[in-house]
Amino acid sequence: MSKAKQIFAYGSGRIVPQFLNYARKLTGKDKPKMCFLPTATADNEDYIKRWYEACEGLEIEPHVLRVWINSIEHQKSWEELLLPMDAIIVGGGNTLNMMAIWQAQGIDVILKKAYENGTVMLGGSAGSLCWFNEGTTDSRPKELSIVKCLGFLDYSHCPHYHSEASRIPLYHENIKTGKLGEGYASDDRSGVHFVDGKFEKAVSLDENNNSYFVSLKDGQVHEELLASELLM
């Protein structure tokens, strides 16, 4: 019997222990192997340090996939590193650059294989946007723009929804004009959980952060507040 395909996408790129613990439970493992991909920040060492710090006290076996490597010091393939993982978490940063690197290295193909094998996928900001068809990004100069992503989830996405003033009107306008399809938006401390490509539930760290389904009805943008399970 095949495993369910699960994605947990949340608004902020910060590594939040409560979100890690939520993903840990999704794996069904007592101490799952969880791999952090800091590609969007060019394998920033401070970010990697915060990853390990966030895992302290949690029943997680932490790993990191670095892409700024050379063949001599890196003797395992991307498949050998990623496919044994129970969960894969993608960090925040520059979504556009991350996608380009993954595609050049073939990591996008391996992520798809891991997802279809039942590895739990998660992340925030660039790490949430990457799982959707497309969404708004700050990866280019001057202004927010649209980026094409992995397409594991057949929706658009907007992270940092209420956290950055320009996000909401632009997301609405892009949906109204057809530049983006309907999709899910999350505030920084909220996230959405999908099972087999379908929305399962919203979760949040507090009552002030939420997730939303944004769609077009009769030519008008409709924003549906999603009831959230509070994570303690």
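The values are calculated or read from the model by the stated rules, or taken from the named source; none is laboratory data. Just so you know, these numbers come straight off a predicted model, no measurement behind them. Note that each Cβ is placed from the backbone with ideal geometry, even for glycine, and that neighbours are counted across all protein chains shown.
Please tell me if residue 212 is closer than 20 Å to residue 99 by Cα, buried (at least 17 other Cβ atoms within 10 Å of the Cβ), of a type outside the set (S, T, N, Q) and modelled with pLDDT of 95 or more. Judged against the criteria, residue 212 is not a match. Inside segment 127-163, residues that are at pLDDT below 95 and farther than 17 Å from residue 180 by Cβ make up a count of 4. Within segment 119-139, is there a residue that is within 16 Å of the chain's Cα centre (by Cα) and over 25 Å from residue 161 (Cα atoms)? Scanning segment 119-139 turns up at least one residue that is within 16 Å of the chain's Cα centre (by Cα) and over 25 Å from residue 161 (Cα atoms). Here residue 64 clears all of (1) in contact with a helix residue (DSSP H, G or I) (Cβ under 7 Å, 6 or more places away or on another chain); (2) free of Cβ contacts under 8 Å to residues at least 40 places away in the same chain; (3) within 14 Å of residue 152 (Cβ to Cβ) except the condition numbered (3). In segment 14-26, the residues that are at negative phi reach residues that are in a helix (DSSP H, G or I) with C-beta atoms within less than 7 angstrom, at least six apart or across chains, in these pairs: 15/50; 15/51; 15/54; 17/54; 20/54; 20/55.
Right, residue 61: within 20 Å of residue 6 (Cβ to Cβ), under 21 Å from the mean Cα position of the chain (by Cα) and either of a type in the set (D, E, K, R) or crowded, with 18+ Cβ neighbours inside 10 Å (or both) or not? Yes, satisfied.
With the structure loaded, tell me whether residue 134 is in a loop (DSSP other than H, G, I, E, B), among the charged types (D, E, K, R) and over 16 Å from residue 34 (Cα atoms) or whether it fails that test.
On the way: in a loop (DSSP other than H, G, I, E, B): no; among the charged types (D, E, K, R): yes; over 16 Å from residue 34 (Cα atoms): yes.
Taking the combined requirement at face value, the residue does not satisfy it.
Summed over segment 65-92, residues that are surrounded by fewer than 17 Cβ atoms within 10 Å (Cβ to Cβ) and aliphatic (A, V, I, L, M) total 3.
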